[in-house]
Ligand code: ADP
Ligand code: NG1
Ligand code: MG
């Protein structure tokens, strides 16, 4: 990926703060955008395609190098404290994921990927406009931006695809076992187009959204840090165990399988067939850990090896039927969403809106990754004239994305402001919490 010299003028504030901190000018800027996922929630790590677009909000790092082999990391937001360490010898803390650990993920991943034995020291000032822990991928924007900074500072270049794959892997150093959607769209986004992203191997296709609608993001103002809790990995693990039990039920060697997509492909099933298989094999009641061990014929210690993550070792109850049903039906909705965008049938926008509404209901009822505030916000968005509205990102708080007829946009914004924000103390946050968005461009380096 190449660098650009055009946009640095926009980065006056971060440049000034860099100069105040380090006493010289930055050599270059790196930027990586956040994203909004339009449909396809919690299915990337199951091997299924998703449909996100980049947003304008991003993380920017102003950087220079130093000869001391040190990382000096600062943030324009004083609530993110300064950090420094040796550029090569450091630990990434999974149990207390402070902000600099996300930077360290990118640093470690890129240093190893490039095989750098003598990486340059770095001085970095970080600035960000992606709301944190709100499902718009501030964490991945920071990891991607860090990896890009390390790459450029060491005079190297990588393809966007390699960067996306690398950053999907290295964000896992923080503990969350994500599927790669956030990093893929951050690097591969193109202004004006949403993308269908498929995995294993990573592939992308442009998706043209109907021109009569505008996508609006609204933040419920409830935050959830995914690395500091086990909500996210519990879902990953439930899906892994469900796919292993489905594999075993069909006489496959279940230890070879970790994702629904792999099992479905091996069995040659359609997504509808897979939903039927779930009904035949799994039961709707939660599975206890001992039942899972009995079905897979393993000890709890072996189960930890084959299926769990370090922060889910003590989970005792697994809802396999509901999670599996969500994943297969959500994967089907993504395919239908793309098909409607491509073929533009009559009432296309209404059909897309309906898929978004079904997606939210499935996230709320089957995947249980919503929360009361987000459900209330989604309801208000639909009552305010959205054709479809749903939680976006991991959930348990964070943002909703709504598809609104453009000629109804002002009335929609007014009503959501009145009904969700102004009724509570959220009123003073409405400016940054409720905004229309366009498909933005991908990560970039700007040299001075
Ligand atoms: P998200 O849904 O935004 O990806 P996560 O819980 O995965 O939420 O990650 C949020 C974390 O990312 C924050 O707690 C913080 O550590 C880090 N982060 C986000 N934005 C910034 C920023 N501008 N500067 C420093 N760290 C940030
Ligand atoms: P957010 O909301 O950005 O933390 C997470 C995962 C994605 C995906 C979505 C749910 C990471 C870095 N991101 O996103 O891979 O699984 O949740 O669709 O783990
Ligand atoms: Mg995140």
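The values are calculated or read from the model by the stated rules, or taken from the named source; none is laboratory data. Quick caveat: nothing in here was measured; it's all calculated off a predicted structure. FYI the Cβ positions are ideal-geometry reconstructions off the backbone, even for glycines, and counts take in every protein chain you see.
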Return yes when residue 97 is farther than 23 Å from residue 76 by Cβ and either within 7 Å of ligand 1 (Cβ to nearest atom) or outside any helix (DSSP H, G or I) (or both) and no when it is not. no
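So that you can scan it fast, the table gives a plain yes or no per residue for (1) surrounded by fewer than 20 Cβ atoms within 10 Å (Cβ to Cβ); (2) more than 16 Å from ligand 3 (Cβ to nearest atom); (3) under 30 Å from residue 93 (Cβ atoms):
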| site | (1), (2), (3) |
| --- | --- |
| 160 | yes, yes, yes |
| 169 | yes, no, yes |
| 179 | no, no, yes |
| 208 | yes, yes, no |
| 216 | no, yes, no |
Among residues of region 286-299 being outside any helix (DSSP H, G or I) and in contact (Cβ under 8 Å) with a residue 24 or more places away in the chain, the residue nearest to residue 246 (Cα to Cα) is 287
Expected single match for at pLDDT 95 or above, part of a helix (DSSP H, G or I) and surrounded by 14 or more Cβ atoms within 10 Å (Cβ to Cβ) among 272, 262, 302 is 262
A careful count of residues in region 81-123 that are within 24 Å of the chain's Cα centre (by Cα), crowded, with 17+ Cβ neighbours inside 10 Å and touching a residue at least 40 places away in the same chain (Cβ under 8 Å) gives 15
Over region 122-142, the set of residues part of a loop (DSSP other than H, G, I, E, B) and closer than 25 Å to residue 19 by Cα is 129, 130
Requiring at least 2 residues that are farther than 27 Å from residue 124 by Cβ and under 15 Å from the mean Cα position of the chain (by Cα), the strands (runs of 3 or more DSSP E) wholly within region 143-231 are 194-198
Output for Cβ contacts, cut-off 8 Å, separation at least six or different chains, first residue closer than 15 Å to residue 275 by Cα in region 234-251, second modelled with pLDDT under 95, reads none
Going through (1) touching a residue at least 60 places away in the same chain (Cβ under 8 Å); (2) surrounded by fewer than 20 Cβ atoms within 10 Å (Cβ to Cβ); (3) touching a strand residue (DSSP E or B) at 6+ places or on another chain (Cβ under 9 Å) one by one, residue 374 fails only at (2)
| request: Return yes when residue 57 is within 16 Å of ligand 2 (Cβ to nearest atom) and out of contact with any helix residue (DSSP H, G or I) (no Cβ under 7 Å at 6 or more places or on another chain) and no when it is not. | output: yes
Within region 386-420, restricting to residues that are buried (at least 19 other Cβ atoms within 10 Å of the Cβ) and free of Cβ contacts under 8 Å to residues at least 40 places away in the same chain, the one that is nearest to residue 33 (Cα to Cα) is 389
Wholly inside region 308-400, helices (runs of 4 or more DSSP H) that include 1 or more residues that are closer than 16 Å to residue 43 by Cβ are 320-343, 348-365
